[in-house]
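Worksheet: the structure to be examined is printed underneath.
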């Protein structure tokens, strides 16, 4: 990952995830935020209480993270969720020009956190694991289903930035 190191991400996870056990039936989003960049300054991970990716992507055709603070630019979006597999409309975040980093605690793995990035790679939508815990075969299958279903919809609305 090009922004920050693993300690920064771990600290972010600890700050934004307040819960460790949830009903697996419904995807829940705890907190989301933005990675802000400014020339000559270390990138900052900022939790944004007004940013609700699940709700915003489900309701709108385009994803809009809101304006960055003066002098900064938004380089990526992150969310802490109950599960690592993307929601059906998460592709809209990448379509808008932002990689989407997802954090999810896995109760089956002693509550360790999975970290994955949904992004463009050579014009293709992909999801990759960036944490110590990789994807299980079941997760890989569900992620592939998400990618396959997003492909026909991806690119129908132009980038917003």
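Classify the stretch 68-156: rounded, prolate or oblate, from the alpha-carbon gyration tensor (a ≥ b ≥ c, eigenvalue square roots; a/c under 1.5 rounded; otherwise prolate if a/b is larger than b/c)?
oblate
Applying 1/(1 + (r/R0)^6) with R0 = 22 Å to the Cβ-Cβ distance of residue 50 and residue 129, what FRET efficiency is obtained, to the nearest 0.05?
0.15
For the stretch 6-150, what is the Kirkwood estimate of the hydrodynamic radius, computed as the reciprocal of the mean inverse distance between distinct Cα atoms, to one decimal in Å?
15.6
Coordinate-derived values only; no laboratory data. Everything numeric in this text was worked out from a predicted model, so none of it was measured. Positions of Cβ are generated from backbone atoms using ideal geometry, with glycine treated the same way; all protein chains shown enter the neighbour counts.
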